[in-house]
Each structure stands twice: as structure tokens, then as C-alpha cells.
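Notes follow the structure.
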Amino acid sequence: MQAYDLQMQKLRDTKQETKAIIDLLHISRDQNVLELGTGTGEFAIEAARHCATLHAVDVSPAMLDHARQKAKLQGISNIRFHHAGFLTYEHQDEPLDVVVSQLAMHHLPDFWKLVALRRIFEMLKKGGRFYLMDIVYSFEPGNYEDFFYNWIENVGQATGEEMAQDTAMAIQKEFQTFDWVIEGLLKRAGFHVEKAEYYEGFIAVYLCTCD
Ligand SMILES: C[S@@+](CC[C@H](N)C(=O)[O-])C[C@H]1O[C@@H](n2cnc3c(N)ncnc32)[C@H](O)[C@@H]1O
């Protein structure tokens, strides 16, 4: 798990990303936040300093244990960790102001993405906000071989062979889909898409509201 954090640091500025999300969503001390697919807890731990309660959900007990340890070491006590997933988490606490999910939804095929998005919509307060960052394809698929080759090459150069192989495996086996599919699914789930941004042909960021 520590290795995951170290690899991510070579590809992302997680601290800067987290700060930008907290500012964008105006997360404040009276708000309740849910993170789905929390992983090693980088976002959850920082966001917990700014909100009332942070609910951190992941299907991986190992990720949750690691995140729990990190939170404890940093004296953070307002995170509730839940061993559950997009399709099983049942929110039974104060209504949610904000839901965040980063680099996790591509683990679900499109049908189940819509089920997950509808569940998120139902969990949020009216006027609540949903921030989704994920691997989403916005490149022209006519040249997909070159695109994937360059992507894997770049990951390898930044982080090493292991992560390059993981990326190749993810391209083959996981459920990354098109920008227009995700935008359609978000709207079908009831969200208003306030912002949709695409980076490098494979990263997307959406800011959505429940009107
Ligand atoms: C690539 S990691 C991203 C972790 C973190 N959000 C980040 O941005 O670094 C994907 C995470 O999603 C979790 N995950 C996979 N399938 C999931 C599901 N169905 N529901 C919730 N979390 C899931 C994995 O266990 C893993 O912790």
C-alpha cells in the first residue's frame, strides 16, 4: 500500500489535487462527505480536516487498514471507514453534502456504473455536489494502438516497469469507457454536469450537482 502511494507520487501531485477539490467543492466544517474507492486515504485524510464527518468506503480491506493506520498516525478521528463498494454501501448517517470518487469507477462495467451513479444521486442532499475523476477515454479511437503504446511507455518512464505492466493490464481488463458515455450516464442518473474536463485523452474530471 505504501508502494501504491509512492508510485502515485510519481504520476500525480495528490496534495495539490486534494486541496483543489476541497476548494472547488467548498467543503466546510458543517458538511458530511463520502468518498467511494478511498484507496490509501490520501484524499479522505486531508478532506477530514475540513469537514464534519468523512465516510471512506472501499472494497479492499488492505487499503482500508492502511488508510486507517495513516489517519490514526495523523490524529484524524472523524473518518468512518466502511468495507463496502459502489453497489453495496448503504448510507445510514447524516445526509451527505458531497460525494467524491477518484480513479475507482472504471472498475465497474457501464450498466453497473449507472446503478452506482443513481445510488450516489439518492444518497446526496438536494443541492449536493458530486466530484468524479476517473480514467475516461476522450481520444480519437482510430489510432488506439499508438495512443495506448505511448500511454504505457510514459507510465513506464515515470514509474518503472511494474506500473507500466499494470497499465497495460488495466487497458485490457478494466472498464474504462468514452467521455460521451460517462456524460450520458451522469445525466441519466439525475445529475446536472456543471463541469467536464478532459486531460491527456484518458483522464476526466466532472463536477455535478443534484438540483
Ligand atoms: C486506483 S485505486 C484509487 C484510490 C484513490 N481513490 C486514489 O485516487 O488514489 C482504486 C480503488 O478503488 C477500489 N475499488 C475497486 N472496485 C470498487 C468498488 N466496486 N467499490 C468501491 N471501491 C472499489 C479499489 O479497492 C482501490 O482502492
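Before moving on, here are some points about what is shown:
- Length available on full extension from Glu162 to Lys19: 0.36 nm per residue minus the Cα-Cα distance, which gives 48.6 nm.
- Here the label points at Phe178 and Ile203, each 7 Å from Cα along the C-beta direction, are separated by 2.4 nm in the simple model.
- Whether the chain is rounded, prolate or oblate, judged on the alpha carbon gyration tensor where a/c under 1.5 counts as rounded: oblate
- Segment Ala62-His26, extension gain: residue separation times 0.36 nm, minus the distance between their alpha carbons: 9.9 nm
- Helix-derived mean residue ellipticity, 222 nm - over the chain, DSSP H n ≥ 4, -39500 (n - 2.57), to 500: -13500 deg cm²/dmol
- At most 15 other Cβ within 10 Å, DSSP loop - GluC sites (Glu not before Pro), the stretch 133-196: Glu174
- Eligible aspartates and glutamates near Lys70 by straight Cα distance, threshold 13 Å, same-chain separation 8 or greater: Asp5, Glu42, Glu46
- For the stretch 109-211: lysine pairs under 22 Å (alpha-carbon distance), excluding those fewer than 8 apart on one chain: 10
- Over the stretch 32-170, accessible surface divided per residue gives 48 Å², non-protein components excluded, 1.4 Å probe.
- For the chain, the relative contact order is 19 percent, taking Cα pairs closer than 8 Å that sit 6 or more residues apart in sequence and dividing their mean separation by the residue count.
- In the distance distribution for the stretch 1-80, Cα-Cα pairs more than 19 Å apart total 33 percent.
- Computed from the C-beta positions of Lys125 and Asp146 and an R0 of 41 Å, the FRET efficiency is 0.35 to the nearest 0.05.
- Placing dummy labels 7 Å off each Cα toward the beta-carbon, the span from Phe111 to Arg12 is 2.9 nm.
The values are calculated or read from the model by the stated rules, or taken from the named source; none is laboratory data. Values in this document were obtained by computation on a predicted structure and should not be read as measured data. Every residue, glycine among them, receives a Cβ derived from its backbone with ideal geometry; neighbour counts consider all protein chains shown. Note: areas computed on protein heavy atoms with side chains; ligands, DNA, RNA excluded. Shrake-Rupley method; radii C 1.70, N 1.55, O 1.52, S 1.80 Å.
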